[in-house]
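> Here's a structure for you.
The values are calculated or read from the model by the stated rules, or taken from the named source; none is laboratory data. On a predicted model such as this, the values are computed, not experimentally measured, just so you know. Cβ coordinates were reconstructed from backbone atoms using ideal geometry, including for glycine residues, and neighbour counts include every protein chain displayed. These area figures cover heavy atoms from the full protein model, side chains too; ligands, DNA and RNA do not enter into them. Shrake-Rupley method; radii C 1.70, N 1.55, O 1.52, S 1.80 Å.
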Amino acid sequence: MRRPFTGVGTALVTPFRKDGSLDESAVKRLARRQIDAGVHFLSPCGTTGEAPTLNHREKLRVVELVVEEANGKVPVLAGAGGYDTKEVIELARDMERVGADGVLSVTPYYNKPTPEGLYQHFKAIADSLRVPVVLYNVPGRTGINMDVKTTARLSEIPNIVAIKATREDFIVLSGDDPVTVATMAVGGAGVVSVASNEAPAEMVQIVELCESNDFAAARKLHHWLLPLIQVNFVESNPIPCKTAMAAMGLLEEVYRLPLVPPTPAAREKVLAVLQQLKMLGAAARAV
């Protein structure tokens, strides 16, 4: 039996209607597509899901819809992070209440807490929940890096279950598609993936090949998918990913400010990669 929050976890995009409102039917449809493709867990309401532009009610509704669609088939790791610990706890508790199996919580951004502040922040979150907490360290977006010593201290809290190898049963997950195979080659347990929004079956195959120690085959498939993985970051995530998914017929290409559509040059690059990989329209026919 697979351990929760290992393998491929898709950092789900949040689909909107043309008027900017939440597209609930598309949330469920995209979650179902992921499950049908074999992904191992779903992670709504993170950066890729444009969480900073979702209000509290919308975040809970997205999680509720994903949980309903998952229906126990795969765990749901809901994003609940921020720079106000009390507010994060309230959101995380509500996500637990609507059925999330775990919480993915990013380091506080902008107010730049000390290592002790980071420890107390995450300890308070973990102490308030029954479900597991996965720590998310992404200095390029938050402006702060959680050091190894702080991570090691946090790993001793029983329901903080993942970020970086410390205790023997602590889960290592890549947060970056390009280094998935390399991470798993040195003991990582999977990836929270952006590319699996567009190519879930392929990302599952890459990770499962790594799990079976067939790294040669995993590298070959990863190399084939690399143009998509790279073009997903030709502009700020999730702009290229949503551009690709719209071209594949999976959602309306709608963003919430301050995110805007890609430049013509970036759009051309995204479409060229989809054409190269023969992914244009294929997803729409399969849904």
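> Are any of the residues in the range 36-59 open to solvent by 40 Å² or more (accessible area, probe 1.4 Å), under 15 Å from Ala11 (Cα atoms) and touching a residue at least 12 places away in the same chain (Cβ under 8 Å)?
Looking for residues that are open to solvent by 40 Å² or more (accessible area, probe 1.4 Å), under 15 Å from Ala11 (Cα atoms) and touching a residue at least 12 places away in the same chain (Cβ under 8 Å), one finds at least one in the range 36-59, hence yes.
> Considering Val192, Val270, which residue is assigned to a helix (DSSP H, G or I) and surrounded by 19 or more Cβ atoms within 10 Å (Cβ to Cβ)?
Checking each option against the conditions leaves just Val270.
> Let me ask another. Among (1) without any contact (Cβ under 8 Å) to a residue 60 or more places away in the chain; (2) out of contact with any helix residue (DSSP H, G or I) (no Cβ under 6 Å at 6 or more places or on another chain); (3) basic (Lys, Arg); (4) part of a helix (DSSP H, G or I), there is one condition Lys242 misses while meeting the rest; what is its number?
The number of the failed condition is (1).
> Go through the range 40-55 residue by residue and tally those that are touching a strand residue (DSSP E or B) at 6+ places or on another chain (Cβ under 8 Å) and either among the acidic types (Asp, Glu) or within 16 Å of Gly102 (Cα to Cα) (or both).
Number satisfying all stated conditions: 7.
> Which pairs have Cβ atoms under 6 Å, sit 6 or more apart or on different chains, and link a residue in the range 1-29 that is farther than 15 Å from Val192 by Cβ and open to solvent by 20 Å² or more (accessible area, probe 1.4 Å) to one that is basic (Lys, Arg) and in a loop (DSSP other than H, G, I, E, B)?
Qualifying pairs under 6 Å: Asp23/Arg17.
> Would a scan of the range 81-99 turn up a residue that is in contact with a Ser or Thr (Cβ under 9 Å, 6 or more places away or on another chain), open to solvent by 10 Å² or more (accessible area, probe 1.4 Å) and closer than 19 Å to Asn237 by Cβ?
yes
> Checking the condition surrounded by fewer than 17 Cβ atoms within 10 Å (Cβ to Cβ) and at pLDDT below 90, which residue from Ala201, Ala162, Ala152, Ala182 passes?
Being surrounded by fewer than 17 Cβ atoms within 10 Å (Cβ to Cβ) and at pLDDT below 90 holds for just one of Ala201, Ala162, Ala152, Ala182, which is Ala152.
> Let me ask something additional. So for the range 258-266 (the condition being within 18 Å of Ala37 (Cβ to Cβ), of a type outside the set (S, T, N, Q) and not in a loop (DSSP other than H, G, I, E, B)), does at least one residue qualify?
For the range 258-266, residues within 18 Å of Ala37 (Cβ to Cβ), of a type outside the set (S, T, N, Q) and not in a loop (DSSP other than H, G, I, E, B): absent.
> Follow-up question, since we're still on this one. So the check is Cβ under 7 Å with 6+ separation or different chains; which pairs have a first residue in the range 254-267 that's more than 21 Å from Leu54 (Cα to Cα) and a second one that's assigned to a loop (DSSP other than H, G, I, E, B) and not β-branched (Val, Ile, Thr)?
Between residues of the range 254-267 that are more than 21 Å from Leu54 (Cα to Cα) and residues that are assigned to a loop (DSSP other than H, G, I, E, B) and not β-branched (Val, Ile, Thr), the close pairs are Ala266/Glu235.
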